[in-house]
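The values are calculated or read from the model by the stated rules, or taken from the named source; none is laboratory data. For clarity, every value in this text was computed on a predicted model and none was experimentally measured. We place every Cβ from the backbone using ideal geometry, glycine too, and count neighbours over all the protein chains shown.
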Amino acid sequence: MSDKNSSSIKNFLNDAGNRALIFQVVLLAVVVFVGYYLFTNLQANLANQGISTGFAFLNQPAGFPVLIHLIEYTEANTYGRAFVVALINTVVISLMGIALATIIGVVMGLARLSNNWLVARLATVYVETLRNIPLLLQMFFWYFAVLATLPIPKNSIIFGDFFLNKRGIYSPNPITQDGFGIVIAGFILSIIASIALVVWAKKRQTRTGLWFPAYWASFGTIIGITFLALVVSGFPIEFDLPQKSRFNVTGGMVLPPEFVAVLVALSTYTGAFIAEIVRAGILSVNWGQTEAARSLGLKDSLTQRLIVLPQALRVIIPPLTSQFLNLAKNSSLGAAIAYPELVAVVMGTTLNQTGQAIENIGLCMLVYGTLSLSISMFMNWYNKKMSLIER
Amino acid sequence: MTNTNMARAQLAQGEEAIIEFNDVNKWYGDFHVLKNINFSIKKGERIVVCGPSGSGKSTMTRCINRLEEHQKGTILVDGVEMNDNLKNIEAIRKDVGMVFQHFNLFPHLSILENLTLAPIWVRKMPKKQAEEMAMHYLERVKIANQALKYPGQLSGGQQQRVAIARGLCMQPRIMLFDEPTSALDPEMIKEVLDVMVQLAEEGMTMVCVTHEMGFAKTVADRVVFMDAGEIVEANKPNEFFDNPQHDRTQMFLSQILNH
Amino acid sequence: MTNTNMARAQLAQGEEAIIEFNDVNKWYGDFHVLKNINFSIKKGERIVVCGPSGSGKSTMTRCINRLEEHQKGTILVDGVEMNDNLKNIEAIRKDVGMVFQHFNLFPHLSILENLTLAPIWVRKMPKKQAEEMAMHYLERVKIANQALKYPGQLSGGQQQRVAIARGLCMQPRIMLFDEPTSALDPEMIKEVLDVMVQLAEEGMTMVCVTHEMGFAKTVADRVVFMDAGEIVEANKPNEFFDNPQHDRTQMFLSQILNH
Amino acid sequence: MAIEFKPSPSLPPPVNSVGAVAWVRHNLLSSPLNVFLTLFSFYILYLLIPPVIEWGIVGATFSGASKADCTGDGACWAFVGVYFEQFMYGLYPSEETWRINLTLILLVILLGTYAVKTVNKLYLSLVILVVYPVIAYFLFSGGVFGLEVVETSLWGGLFLTTLLGVVGIVASFPLGVLLALGRQSKMPIAKSVCIVFIETIRAVPLITILFMASVMIPLFLPEGMNFNKLLRVLIGITLFSAAYMAEVIRGGLQAIPKGQYEAADAMGLTYWQSMILVILPQALKLVIPGIVNTFIGLFKDTTLVYIVGMFDLLGRIQAATHDANWLGMTIEGYAFAGFIYWAACFGMSRYSMRIERKLETGHKRN
Amino acid sequence: ATLDDVKAKGFIQCGVSQGVPGFSNADVNGNWTGIDVDACRATAAAIFGDAQAVKFTPLSAKERFTALQSGEIDMLSRNTTWTYTRDTSLGLDFTAVNFYDGQGFMARKDLGVESALDLDGATVCTEQGTTTELNMADFFRKHKMNYVPVIVQKADEALAAYASGRCDVFTTDKSGLAAHRSKLADPSAHVILAETISKEPLGPVVRHGDNQWKDIVTWAMFVQVNAEEMGISSKNVAKIKSESNDPGIRRLLGAEGNMGESLGLGADWAYNIIAEVGNYGEVFERNVGPNTPVGLPRGINNLWTEGGVMYAPPVR
Ligand SMILES: Nc1ncnc2c1ncn2[C@@H]1O[C@H](COP(=O)(O)OP(=O)(O)OP(=O)(O)O)[C@@H](O)[C@H]1O
Ligand SMILES: Nc1ncnc2c1ncn2[C@@H]1O[C@H](COP(=O)(O)OP(=O)(O)OP(=O)(O)O)[C@@H](O)[C@H]1O
Ligand SMILES: [Mg+2]
Ligand SMILES: [Mg+2]
């Protein structure tokens, strides 16, 4: 519908749509201008001072070591590879932290609701203490407290081929030999078998009404068949055993204390937040639901599993997502206790050697942005799935 | 005759009692909510419980399937004593269906799943058979066509009927109703009462807390009137309405019938 | 005579039309919610709108003060066309009071503040004067003594009366009521209708969506019946009730009067 | 003929259902699992509590002027005693610290006047939000009324921590409101700008933002143009918490029923009038707990400024542990820092719970 | 230009470390001292005739270069090693060397290590973002030795990790090793190994492209070395200025001509440096010399005439 007097500017300005349009155009112009202004200044400043730009440095040798690398890495590798190593470290600690924090959070959240007074109180103390102390301090605590209580390598605590000392937990490192293919085949077979088992169990329930502990059974199947394959192929694995050497334990696989401390700090800290979310979620499920389930004769464990938790999840998931994001971002504090994650390697060492702040910080932000986005996309998908079932 | 004596008299008459309250007392903290309840219900009997708000009607009903614990006296359901023994409680709960005032349907499950949940998990019934049975009861309450919807998509009256069907799916020997119509509008009340009347006519043991006096008059074998945690009066409906023994009952009836 | 023609006939009669719908069409997405509405309301007229749920009554009413936008046709209120022009909309909203079904009182403001908000900020009235006027209208609806309470502290009927007073405080020339009594219990319905009848008697232009047929009979100049986004019939109350032209209207009336 | 009904007297519950015995039975020993959990909990308490008490209280030294005064059996709190002033005020000249104290007292007095019924709350809020910060600024930095100038680089300790936290939250608040409104708006460009801003900021760690603020901003400005580092860090923190605040406030806005918007529209209020008079007061009230949570998070996060070379409480404590006379006091220092942060955050979270409870009744009343 | 900015501000903004005793460290009252601090003070004395006209920005190793690049600070004097890459690609210029250092190792005595070449398989703690990290890597690679690097964000936490037994050795510049050792609970239980595995010429840094400013910072340092060589100290500088007949000395102290002009400074720029800050020997003795807690021998940092490598171009 056009206004008959739209020729007059006043009318034009009074039109709601036009006003919004003008405002938005101005806003866009401001944003673009500010962006352009900053960018040109940056270019001028960088050129003035002869600071190198671009990502060419990623192909140059890094020259520094990285303590924890899940892919092959030596000082002779490039900055690019160091970046990937750090990226993997960040992703690994984030995902493991998320898994562990979720477990801790759920356990503590349930503990806070326990009808054992003492347990509930202890869980409250746990939550209130860890939530209210800066994470950095907690990282220091875990790192230095872990180190303080462990023995020096000479006096390692030894369980068979496992060593525990200030340098970490050492375990045998499996190295595959010829014939390992059989084991892999056996493993795949066992997975197929266990899927079949689950399907069969479901069918049988539909026919006879009897439940079969299919998940435990398939777990057993997988272990059993794989083990059988191992025996048949004559154990085609050799273990690189850790051994005491002059300073350290060498060989084997090692879990360094930095990793343990960061993981523990991140997951206990975030776990405290998750505990509160879980508690609120469970409390949000009407008590009537529990009563109804009970009066149908469901056991308390089944009541929780079939009735309360599925409903609580709806309330839990959105804030849980934020906590996951926080955990991923907080992993950047690992730099303070020698965990070589992204901030340590890229914003720390690489930036210091190349002096290219813009590129390095840009890389970091990009990674964190992508990681956050992936986590929230996954959680949104999961959330949608849960709410679809409901309605 | 004190109330207690009178109630006991009822007990003496009962043969084949399926529910027995013996000197049951219950406290919430310091608050004495059930006082010396002595009462027994015969197999197939239909009991309507009424009384002012807060008199302990819900509490008494919920003691029957031990949603509440009592602290003194004994409750026997089908000859089994209700105590801390989990096995007993589970066994009894299988035999006792309950319909709540607020339905308490499981919102995350479809109507059919709401109904088959207990038969499959508790009675270990084959899924197929459970579903057939569920459809049977849904037809009984005339909403078989809604089986695949979710509770949030049904009207109040429909939901309440699902709740009744859910209770029936356990094929219980006793049904407990706690004010099953008070959250509904008049039209829906009628729907639900119709279903209950039908059930009653089939001879199921029923305990029903309600203030629908029409229902009480039509189907109840006995009407129990409670106040302040005690059973004040329990009698056949016509006796109860026409000739209440206690002044308390009279007062209550005058209020409720004038409404 | 088709509905459209008939409604147009009404338009032809009107002199001094204060609200005019010309071929108004509105869609929600793909859903055609108002279809070719042609209708005009004279100054001082009192219109009751009724019709089945979802027929577009609220939508039509809300188009009058442009809480909803229409996509085709023109709506003239007091000679001003309702379009994107903000000045026009603001001007019209000053002249049109609205009372919502759910009251929509501002819970964080006291009753008095609820009433004076618009006069002070929109009409730029001195606070003192606004308060005097507010008290005047509160007296009109007989709750002047509640002026300093908060909405949450009033009963439903009282809240609805505050909502009416709030609408009046703008001293509007037109009042819109969207099912002002449907959230209330019978006792409160009476309170609110009494107030509305009084207002009607003072000659304010009123558009009222309601199913209170008693009210329609007593005060309406015309009754409009809508279905599926169309005006099916619009007529004087006695004609409308005693001699409905359309079979759709007849069916609807039979339902509503039997209830 | 009717029998009179006298309710039987209420009896006290049986002993085994109330009192200590029942409490223990019910709360600690109600099932085998519970018995196990109880014993396990006692064991954990046994492991934790005695050593902490032994170290922190029994064996600790509370006063002294040097490390030699500490017995070494437990914590050496004398260290905290000697450095207390630095921990509180940083390097702020000690003869000038009265200025910080005065500012604080002034705030307490101003907040106290909220309780006085006759005071106009609106004007008081204006004074606190507009006049007070100006006064505080001049008191802190000096340079007027003969007050000695105190460089911001000397500001530190708990004072700096609090300053960062308070300014961050107060300044981020209006920005958060704008962002939240923008994100809710129907204008596509405005909306996308807000979303991009909020989501970008929320996706990156605070450290990177602080790093940008503390050392990189000048690269983006024309040569020679620069401003105070503290100010830049404050801007970084403000932008960071504004993004979080915006999401909290958006939650509140979404919780307001549509009818409120419509009623405001129907009365002829303009967009800003209806926001300020009707919607925001309700929305903000709803999200006070969320706002307090953001504040707690921010307060803890300010520890990160130590990574960019500012000496907040934690930074000062770390610096103090470098003192050649007090080497080896790291644990005491960190324990002290932990305690201060814990006390502040715990206090805030309790306070927010109280507000929550108070509002709950308020909500029902309204 | 930086000089104009600095003159306009009235002080120099100088980036220093967050606390390395003897190099730059703030005491309880916030007064900064140390060799690196004195480099800034000398520059200030040259420009303003006031060694106090400096403001200090404590920086971590990570931020230091970015802070200088961005103009956050006017000069960086933070025991920073002069290396090829840093000089050429960071947009920075090194000026002069105020301390010749070299990287070394510290190990627990009971480990029985005598030489750095015994360290095969050792775990090594160090601070992140420094040349130390790289030298360490080069050293172990060169000698084909294995090692485990524990690289901590800040020196203090690195030392704490070493102290708690996480590492066998701690590595950093030798000047720092002594200071760090003194922080340990039982300093005598640790040895500093004899080897020096790298060259670490430390000195002030300025932004690339402002040659006048670079000259000022450079020559402020050279003046101090020349003064020591000529036997001029803060104690006798006034006397020498009025009494000396040596034309070289007279030119330097501004008693004759105006040497400062070409730097954009006053005639008494060098005089002020020596009077307020002292000659290089004084600076060394005052901050890190054998009589200070840091207790470093003069060693390689002695004048070339005394067997060291301190050699400054002549002022003429
Ligand atoms: N969990 C509880 N703790 C303490 N008191 C309770 C609890 N549950 C119920 N009560 C009290 O016990 C009394 C009886 O409650 P009950 O629900 O049995 O009453 P009712 O007869 O069902 O009333 P209504 O008709 O209102 O449902 C009431 O006074 C109630 O306040
Ligand atoms: N925002 C919307 N988006 C899409 N469809 C809508 C929207 N609002 C209303 N509708 C649909 O438009 C139709 C008319 O709605 P309206 O509220 O005007 O009906 P009504 O006559 O007032 O009904 P009732 O008596 O139930 O209030 C309904 O079918 C409704 O589902
Ligand atoms: Mg009840
Ligand atoms: Mg409507």
Problem - Hits in segment A:96-116 (condition: of a type in the set (Val, Ile, Thr) and surrounded by 17 or more Cβ atoms within 10 Å (Cβ to Cβ)) - result: A:Ile98, A:Thr102, A:Ile104, A:Val106
Problem - Residue within segment B:68-77 that is within 30 Å of B:Gly214 (Cα to Cα) and within 13 Å of ligand 1 (Cβ to nearest atom) present - result: yes
Practice task
List every residue pair whose Cβ atoms lie under 6 Å apart, where the two residues are 6 or more positions apart in sequence or sit on different chains, the first residue falls within segment D:189-203 and is within 9 Å of another protein chain (Cβ to nearest Cβ), and the second residue, located anywhere, is surrounded by 19 or more Cβ atoms within 10 Å (Cβ to Cβ).
Solution key: D:Ala190/D:Gly182; D:Arg202/D:Ala243; D:Ala203/A:Tyr368; D:Ala203/A:Ser372
Handout entry: Filter pass, B:Leu117 being touching a Phe, Trp or Tyr at 6+ places or on another chain (Cβ under 6 Å), part of a helix (DSSP H, G or I) and hydrophobic (A, V, I, L, M, F, W, C)
Key = no
Fill in the blank from the handout: Among (1) part of a loop (DSSP other than H, G, I, E, B); (2) among the aliphatic types (A, V, I, L, M); (3) buried (at least 19 other Cβ atoms within 10 Å of the Cβ), C:Leu112 falls short only on (1)
Fill in the blank from the handout: Residues of segment C:82-100 being at the interface with chain D (Cβ under 9 Å from one of its Cβ atoms) and either within 16 Å of ligand 3 (Cβ to nearest atom) or in a loop (DSSP other than H, G, I, E, B) (or both), in sequence order, are C:Phe100
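Residues checked against (1) more than 23 Å from the chain's Cα centre (by Cα); (2) within 9 Å of chain A (Cβ to nearest Cβ); (3) farther than 23 Å from A:Arg314 by Cβ; (4) of a type outside the set (A, V, I, L, M):
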{"residue": "B:Val80", "(1), (2), (3), (4)": "no, no, yes, no"}
{"residue": "B:Pro126", "(1), (2), (3), (4)": "yes, yes, yes, yes"}
{"residue": "B:Lys142", "(1), (2), (3), (4)": "no, no, yes, yes"}
{"residue": "B:Gly157", "(1), (2), (3), (4)": "no, no, yes, yes"}
Practice task
For segment A:117-132, indicate whether the set of residues that are surrounded by 16 or more Cβ atoms within 10 Å (Cβ to Cβ), within 14 Å of chain D (Cβ to nearest Cβ) and more than 30 Å from A:Ala280 (Cβ to Cβ) is non-empty.
Solution key: no
Problem - Verdict on A:Ile375 being at pLDDT below 85 and part of a helix (DSSP H, G or I) - result: no
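Per-residue answers, yes or no, for (1) of a type in the set (S, T, N, Q); (2) surrounded by 23 or more Cβ atoms within 10 Å (Cβ to Cβ); (3) on the phi < 0 side of the Ramachandran plot; (4) within 9 Å of another protein chain (Cβ to nearest Cβ):
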residue	(1), (2), (3), (4)
A:Val278	no, yes, yes, no
A:Val285	no, no, yes, no
A:Gly288	no, no, yes, yes
A:Arg294	no, no, yes, yes
A:Thr303	yes, no, yes, no
A:Leu309	no, no, yes, no
Practice task
Please find, among B:Phe100, B:Phe106, the residue that is within 16 Å of ligand 1 (Cβ to nearest atom) and in contact with a helix residue (DSSP H, G or I) (Cβ under 8 Å, 6 or more places away or on another chain).
Solution key: B:Phe100
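Hey, does segment A:135-144 have a residue that's of a type outside the set (A, V, I, L, M) and not in a helix (DSSP H, G or I)?
No, every residue in segment A:135-144 fails to be of a type outside the set (A, V, I, L, M) and not in a helix (DSSP H, G or I).
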Exercise for the section: Scan segment A:146-183 residue by residue and report those that are loosely packed, with under 14 Cβ neighbours inside 10 Å and small (Gly, Ala, Ser). Expected result: A:Ala148, A:Gly160, A:Gly181
Exercise for the section: Please state which one of A:Leu27, A:Leu21, A:Leu100 is within 30 Å of A:Gly281 (Cβ to Cβ), in a helix (DSSP H, G or I) and more than 14 Å from chain E (Cβ to nearest Cβ). Expected result: A:Leu100
Exercise for the section: Only one of these is of a type in the set (Val, Ile, Thr) and within 19 Å of D:Ile276 (Cα to Cα): C:Ile120, C:Ile164. Name it. Expected result: C:Ile120
Exercise for the section: For E:Gly278, work out the one condition from (1) surrounded by 20 or more Cβ atoms within 10 Å (Cβ to Cβ); (2) more than 30 Å from E:His180 (Cα to Cα) it doesn't fulfil. Expected result: (2)
Exercise for the section: State yes or no: is D:Leu158 crowded, with 18+ Cβ neighbours inside 10 Å, of a type in the set (A, V, I, L, M, F, W, C), in the same structural domain as D:Val233 (by TED's automatic domain parsing) and touching a strand residue (DSSP E or B) at 6+ places or on another chain (Cβ under 9 Å)? Expected result: yes
Exercise for the section: Would you mind telling me which numbered condition in (1) without any contact (Cβ under 8 Å) to a residue 24 or more places away in the chain; (2) over 25 Å from the mean Cα position of the chain (by Cα); (3) more than 10 Å from chain A (Cβ to nearest Cβ) E:Leu117 fails? Expected result: (1)
Practice task
Using the structure shown, decide if D:Gly251 is surrounded by 22 or more Cβ atoms within 10 Å (Cβ to Cβ), touching a helix residue (DSSP H, G or I) at 6+ places or on another chain (Cβ under 8 Å) and in the same structural domain as D:Val166 (by TED's automatic domain parsing).
Solution key: no
Problem - From the options D:Leu29, D:Leu37, residue that is in contact with a Ser or Thr (Cβ under 9 Å, 6 or more places away or on another chain) and assigned to a loop (DSSP other than H, G, I, E, B) - result: D:Leu29
Practice task
Scan segment C:195-217 and report the pairs whose first residue is over 22 Å from C:Ile64 (Cα atoms) and whose second residue is surrounded by fewer than 18 Cβ atoms within 10 Å (Cβ to Cβ) and among the aromatic types (Phe, Trp, Tyr), with Cβ atoms within less than 9 Å and a gap of 6+ or a chain change.
Solution key: C:Met213/C:Phe241; C:Lys217/C:Phe241
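Pick from A:Leu327, A:Leu366, A:Leu313, A:Leu342: which is of a type outside the set (Gly, Ala, Ser), assigned by the TED database to the domain that holds A:Val285 and under 30 Å from B:Leu105 (Cβ atoms)? First the steps, then the outcome.
On the way: A:Leu327 fails: under 30 Å from B:Leu105 (Cβ atoms); A:Leu366 fails: under 30 Å from B:Leu105 (Cβ atoms); A:Leu342 fails: under 30 Å from B:Leu105 (Cβ atoms).
Only one candidate passes the filter, namely A:Leu313.
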Exercise for the section: Take the residues in segment B:57-78 that are out of contact with any Lys or Arg (no Cβ under 8 Å at 6 or more places or on another chain) and within 16 Å of ligand 3 (Cβ to nearest atom), then tell me which one is nearest to the other protein chains (Cβ to nearest Cβ). Expected result: B:Arg62
Handout entry: One residue from E:Gly102, E:Gly91 being farther than 26 Å from A:Gln356 by Cβ, in contact (Cβ under 8 Å) with a residue 12 or more places away in the chain and not hydroxyl-bearing (Ser, Thr, Tyr)
Key = E:Gly102
Practice task
Could you tell me which numbered condition B:Leu109 fails, if it satisfies all but one of (1) at the interface with chain A (Cβ under 9 Å from one of its Cβ atoms); (2) touching a strand residue (DSSP E or B) at 6+ places or on another chain (Cβ under 8 Å); (3) not charged (D, E, K, R)?
Solution key: (2)
